[in-house]
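Encoded as structure tokens, the structure appears first; notes follow it.
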Amino acid sequence: MGCRQILLCLALYVVCTLSKPTEKKDRVHHDPQLSDKVHNDGESFDYDHDAFLGAEDAKTFDQLTPEESKERLGMIVDKIDEDKDGYVTEDELKAWIKKAQKMYIYDNVDRQWNDFDVNNDGSISWDEYRNVTYGTYLDDPDPEDGFNYKQMMTRDERRFKLADKDGNLIATKEEFTAFLHPEEYDYMKDIVVLETMEDIDKNGDGFIDLDEYIGDMYSHEGDPQEPEWVKSEREQFVEFRDKNRDGKMDKEETKDWILPSDYDHAEAEAKHLVYESDQDKDGKLTKEEVVNKYDLFVGSQATDFGEALVRHDEF
């Protein structure tokens, strides 16, 4: 994605957040499903394959023999065993599954990386990001499109500094991923809440009242009667969003709304895979135990594991 396309996306984002939308806007961030397949091990292990490798990599399994699958699965086990103690724990398996499910995010970062790493040093400084994204716009005090790019840049800088854990204003690939996709990182979730509140809180009192909540989703213009879903949202606000019944949502109430504590599918799948493969029932897996159940993890289909391993190594 080129820098002009990125600016267009930012501009569209501002339009969506600063103008009154006519259709319902969903600001809630849910963890994606591990697979769109039915989880029924009695019929197939397709769900488990998607969960373990990510749906895109799992799609390429079609030609490997069982022997090749076992060999390459063993390579993956070495990657999952982060502390190199010879065992795969539920936590390690859970972390691997979560990473596999985020490959679409990492692919998005890869597509943008070279646009911003101007000096090709393997990192992106705030100056690089600012100059590429805003350089040609900040010199124009009265842009034709009317957007306040300085305000957008200030907001980006605040998020960039939070993503930059060591505070050197230089982002590694992982930090840049947190900058672009803050909802995916626990330490960035407060900024997601803050930015959401800034978008919706029109009177600037630091809270979201009922009118602001509805106004973010729906405009009465040209529509004399509210749709049923708007009435339902009003009830949701009163009954569930505004937990302390003071007529507005504070930071914690907003966080509960947009970042709900969903059922942890990755944790459940990790427990399932360990339970099905743990032959000696010690609560952890050896490489031999995983490979013995290779059909549960990867089947005897083909994939380019080399690409999958390289992509996992990058993060």
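The values are calculated or read from the model by the stated rules, or taken from the named source; none is laboratory data. Owing to the predicted nature of the structure, the values given are computational and were not obtained by experimental measurement. Note that each Cβ is placed from the backbone with ideal geometry, even for glycine, and that neighbours are counted across all protein chains shown. Surface accessibility is based on the protein's heavy atoms, side chains included, excluding ligands, DNA and RNA. Shrake-Rupley method; radii C 1.70, N 1.55, O 1.52, S 1.80 Å.
Quick rundown of the values:
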{"read-out": "Qualifying residue in segment 54-63 (condition: open to solvent by less than 20 Å² (accessible area, probe 1.4 Å), part of a helix (DSSP H, G or I), at pLDDT 95 or above and hydrophobic (A, V, I, L, M, F, W, C))", "value": "no"}
{"read-out": "Qualifying positions in segment 271-280 - open to solvent by 80 Å² or more (accessible area, probe 1.4 Å) and touching a helix residue (DSSP H, G or I) at 6+ places or on another chain (Cβ under 9 Å)", "value": "271, 279, 280"}
{"read-out": "Condition broken by residue 50, with the remaining ones in (1) surrounded by 20 or more Cβ atoms within 10 Å (Cβ to Cβ); (2) acidic (Asp, Glu); (3) in contact with a strand residue (DSSP E or B) (Cβ under 8 Å, 6 or more places away or on another chain) satisfied", "value": "(3)"}
{"read-out": "Residues of segment 84-121 classified as outside any helix (DSSP H, G or I) and under 20 Å from residue 161 (Cβ atoms), total", "value": "3"}
{"read-out": "Hey, residue 305 surrounded by fewer than 17 Cβ atoms within 10 Å (Cβ to Cβ), among the aromatic types (Phe, Trp, Tyr), within 30 Å of residue 88 (Cα to Cα) and modelled with pLDDT under 90 or not", "value": "no"}
{"read-out": "Extreme residue, nearest to residue 37 (Cα to Cα), among residues of segment 208-266 that are of a type in the set (Gly, Ala, Ser) and open to solvent by 60 Å² or more (accessible area, probe 1.4 Å)", "value": "261"}
{"read-out": "Conditions (1) touching a residue at least 24 places away in the same chain (Cβ under 8 Å); (2) within 26 Å of residue 279 (Cα to Cα); (3) open to solvent by 20 Å² or more (accessible area, probe 1.4 Å); number of the one not met by residue 77", "value": "(3)"}
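Residues checked against (1) open to solvent by less than 50 Å² (accessible area, probe 1.4 Å); (2) farther than 30 Å from residue 266 by Cα; (3) over 17 Å from the mean Cα position of the chain (by Cα):
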{"residue": "93", "(1), (2), (3)": "yes, no, yes"}
{"residue": "96", "(1), (2), (3)": "yes, no, no"}
{"residue": "112", "(1), (2), (3)": "yes, no, no"}
{"residue": "116", "(1), (2), (3)": "yes, yes, yes"}
{"residue": "124", "(1), (2), (3)": "yes, yes, yes"}
{"residue": "167", "(1), (2), (3)": "no, yes, yes"}
{"residue": "171", "(1), (2), (3)": "yes, no, yes"}
{"residue": "187", "(1), (2), (3)": "no, no, no"}
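Matching residues to (1) within 20 Å of residue 289 (Cα to Cα); (2) out of contact with any Asp or Glu (no Cβ under 8 Å at 6 or more places or on another chain); (3) at pLDDT 75 or above:
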{"residue": "5", "(1), (2), (3)": "no, yes, no"}
{"residue": "22", "(1), (2), (3)": "no, no, no"}
{"residue": "27", "(1), (2), (3)": "no, no, yes"}
{"residue": "49", "(1), (2), (3)": "yes, yes, yes"}
{"residue": "73", "(1), (2), (3)": "yes, yes, yes"}
{"residue": "90", "(1), (2), (3)": "yes, no, yes"}
